[in-house]
Amino acid sequence: MRLTNSMMSKNYLKNLNSSLENLNEANTRVTAQRKYMKISEDPATALKAMKVRKNLSRIEVYKENLSDAQAIFDQYESTISNINDIATEAVSQVLQGTTGTSNETVRKTVATTLRGYQETILAAANTKYGDDYIFGGESVGNTPFKLNGTGELLYNGQNVNTGTFTDEYRFVDIGVGLTVGTDGEIVPKSAFNVSNSGSTLLGTGVDTNGITNNLYNLLGEIATKLENNDIDDIQLYSDKLEAKADDIRLQYVSIGEKTNFISYFTERLDAERINATTKQNELESMDIEEGIIIFGEQELAYNACLQMGTKILQPSLIDFLR
Amino acid sequence: MRASFLGFEIAKTGLQAAETGLDVTGQNMAKMNTEGYSRQTIEQTSVYYNSTSYKYALVNSDRIGQGVSIGRITQVRDAFLDARYRSAKSADSELTKKLSILTNIENIYDETLTDGLGATLEDFYKSLQTLAANAGDIEYSGLARSNAQKITETLNYYNTQLETIKEQEKFDLTVSVNDINTLLNKIKTMNNTIQFESLQGNTTNELLDTRNLYFDDLASYVNITTEVNADGTVNVKAGTQYLIDATNATSFTLSLQESSGSLQVITQNGELEISSGSIKGYLDVLNGKGTYATSGENDTKGIKYYQSSLDNFATKFAELFNGLNGTGKPLFIGNTASTIGISQEWLSDANYITATTNTVVTDGDNDNILRMISTLDSKTNISDNFIGTFDEYVSMMMTDIAIDVNYVSDLNSTSGKVLSSVDNQREAVKGVSLNEETVNLLKYQKAFEASSRVITALDEMLDIIINRMGTVGR
């Protein structure tokens, strides 16, 4: 092919320019420490990276939700531990008050103590975490336990002895595939229930002997009996109280299951996060050594190109004629 | 018998040819960097003796030729390479234009280094999660509302950006159409001048160069073909339609018209068939409806496609969330990317977002918020050919434009290489080589010296005959 000077200078300029472009690109990538600056540079990788980004963001959300739940259960645990202590203490107090040797004065004292426990239990059952009543079940904004005018205990507005209570749910999404059932309700298995029902905590209804299942009311009834020195069937009540104390203990112990679940899940999310971060690095981040080597290569090429310029563009036959 | 002064005549033509040769070499060297210049050469032919100029046939006398005659001064140019160059230039300009507009669009969507629709959607999702844990708290409802507002504002912003690009490119297209008309006028004038000068018998090399430059320029706008007429004029066609019909002395003017929402370039003969060139790039991106095109419409993924996909997002998003919030309780108003916004009711009361569908509402009930979260996480039929989550839809829009840019950019780098290779081939034919011209310089200089020497020799010979012959005994 016939070569002309303008061809050479044109091509030289083009090559010089593209070499400078490469140098600039290598420089940008090293500075930003990214493999690509725009999705269009590598759509397939960028699409994967977008998924990973979303994953990471979701993991943060789920971790946040779990840590909120953990905080609620921590509060729950310390409160129920108090109630457990009181229940245990109450059992021994009642035992003391109902032995044959105890007299009316002792019984009255025990009764006063039991009334005091009632107050403490009521206060504990109305514990708040932040702005929320932790034993409010589904309703966390209103004081769950209240006494009506005649001194009857109400839970969310219903008498605990006579009302009907159902399971209560307040879900948070912890990333196990939150789904809405065909009935429009959240499928319980697809989320984590953080509600703690006060009705379950203290008990509701009355048993076949007509004795209340509610710890607060039970203590009240026993106290009344002791005050009135009416201890013929007190055994029934103290058995009931023991059973109730066992129930509270059981509830106390079983918190472990829930908190275990939370920490297991948090650990799993942590592991997922590490995986996702590694993946994100793989997809998006530039290996710095590799980047610098590429930059070095481009720099060398650019320099060589510049040096060649002085040699290519100058001479022609004219330069060699006298 | 040989004519006494025949040799002088021959040497004179040699001197003249050498001089002209030097002039042409000088011209080539002077214009070696002039854009569009094609190198010129002189056509030298031998002068042969011609018996009709003599009364009798010449016998055995001067059977040699009688020097050199300077024919025309022609330019070295290959019409085939010109045509190839122009078609390559049209293809390259189309892709360059497309790439530049698409890159502008990509800059709106790309969230590699900045936050856009995808990020605001994720923020909204997160604020719903927080709201679910704190249902009924006005500050968290407010947070969800302001994040929802970010989504609607981002949609508005994207749409405005797309509109701005559309308006700018439309304006540029108008300018380009005017440029074409100007070029066509210039070519028409040049046609006339060349025709006139050719009739006078003048060389038209420089005029041809200028006209060829106009053709090259025109080719960057629109695919053209040329037909050379005998009188030196050229007809210009785009597709099957004439832009300049020199044979019938008619020419056409291009103008832009909008017909049923699509831009068209038309001449007096109707819509122009444009198959490449930057005009094609403009039209594709401005008219392209992608998968939203009905038959007969432009199905390139252009601005209209991206606007429609945003509208789909806005429509579906507003529809779903308004539905979830309860009948007659809209969270969003408007159903296109340009009109969507937060409803007045939600703006005046953050807790307008329905946290629960329970009849007795208490603080902490969050079932409806969870339904919203679940909706964001579940697959929805967002457009006719897309079933997936909203964030997948945003990813799709983002990768749609990115893949397009990637594809067009690859094509453009190929077309650029083709163009530069054809340009090199053309330059190899028409360009000025300094080495070659230097050799020519020496060649004509030596030729001039040689012819001068011949004259000296002849002069000396005549000197012998005139001054020294027959002087015996003087």
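Bear in mind these aren't lab numbers, they're just calculated from the coordinates by the rules spelled out. Note that this is a predicted model, so its numbers are computed, not measured. Counting neighbours? That spans all protein chains shown, and the Cβs are built from the backbone with ideal geometry, glycine included.
Some points to look at:
- Placing a label point 7 Å from the Cα of residue A:88 along the Cα-to-Cβ direction, the residues of segment A:232-275 with a backbone N closer than 19 Å are A:239-257.
- Look at the stretch A:137-144: the mean tally of other chain Cβ atoms within 10 Å of its residues' Cβ atoms is 5.
- Within chain B, helix-based [θ] at 222 nm, where runs of 4 or more DSSP H residues each add -39,500 (n - 2.57), nearest 500: -20500 deg cm²/dmol
- Against chain B, whose longest principal axis comes from its Cα atoms, helix B:205-221 is set at around 10 degrees.
- Of the DSSP H helices in chain A, those that are both long (alpha-carbon extent of 30 Å or more along the helix axis) and hydrophobic (Kyte-Doolittle mean at least 0.0) are A:288-313.
- Taking all Cα pairs closer than 8 Å and separated by 6 or more residues, the relative contact order of chain A comes to 29 percent.
- GNM flexibility winner over chain A from A:51, A:14, A:240 (Cα, springs under 10 Å): A:14
- In this structure, the amide hydrogen of residue B:380, modeled 1.01 Å from its nitrogen in the peptide plane, lies closer than 5 angstrom to those of B:388, B:389, counting only residues at least 5 positions away or on a different chain.
- Charging the Cβ of each Asp and Glu at -1 and of each Lys and Arg at +1, and nothing else, the dipole of segment A:122-172 about its Cα centre rounds to 120 debye.
- Which listed pairs, of B:280/B:417; B:89/B:170; A:48/B:170; B:98/B:170, have C-alpha distances above 25 Å, in listed order: A:48/B:170
- Debye-sum result for segment A:52-281 in log10 I(q)/I(0), which assumes one identical scatterer on each alpha carbon, at q = 0.08, 0.10, 0.17 Å⁻¹: -0.38, -0.56, -1.18
- q = 0.05 Å⁻¹: log10 I(q)/I(0) that the Debye formula gives for the protein assembly as shown, counting C-alpha atoms only: -0.53
- D (Stokes-Einstein, µm²/s), Kirkwood Cα radius, segment B:183-233, 0.692 mPa s at 37 °C: 291 µm²/s
- Neighbour-count order for A:287, A:247, A:183, fewest beta carbons within 10 angstrom listed first: A:183, A:287, A:247
- Reachable lysines from residue B:446, criterion Cα separation under 20 angstrom, eight or more residues apart if same chain: B:12
- Projecting the Cα atoms of A:39, B:152, B:353 onto the charge dipole of the protein assembly as shown, computed from C-beta unit charges around the Cα centre, puts A:39 farthest toward the positive end.
- The sum of -39500 (n - 2.57) across all DSSP H runs of n ≥ 4, divided by the residue count of chain A, sets its helix-only mean residue ellipticity at 222 nm to -22500 deg cm²/dmol.
- Distribution of pairwise C-alpha distances over chain B, 20 Å bins, in %: 18, 31, 22, 15, 8, 4, 1, 0
- 10 Å-binned pair-distance histogram of segment B:104-156 (Cα, whole percent): 27, 43, 22, 8, 1
- Basic side chains Lys and Arg get +1 at the Cβ, acidic Asp and Glu get -1 at the Cβ, and with that the dipole of the protein assembly as shown about its Cα centre reaches some 4820 debye.
- From least to most packed, judged by other beta carbons within 10 angstrom and beginning with the fewest, B:187, A:231 follow the order A:231, B:187.
- Per residue of peptide A:68-76, the mean number of Cβ atoms on other chains within 10 Å of the residue Cβ is 1.
- R0 of 60 Å, Cβ-Cβ distance residue A:246-residue A:31: FRET efficiency to nearest 0.05: 0.35
- Counted by Cβ distance under 14 Å from residue B:264, the other residues give a net charge of -3, where Lys and Arg count +1 and Asp and Glu count -1.
- The angle between the Cα long axis of helix B:138-200 and the main principal axis of chain B comes to about 20°, on a 0 to 90 degree scale.
- Peptide A:171-178 is shielded by partner chain Cβ atoms: per residue, an average of 5 of them sit within 10 Å of its Cβ.
- Among B:418, B:73, A:292 the positive-end extreme of the charge dipole of the protein assembly as shown (Cβ point charges): B:73
- When B:110, A:167 are arranged by Cβ crowding within 10 Å, least crowded first, meaning fewest neighbours, the order is A:167, B:110.
- Label-to-label distance, residue A:95 versus residue A:321, with points set 7 angstrom from Cα along the beta-carbon direction: 12.6 nm.
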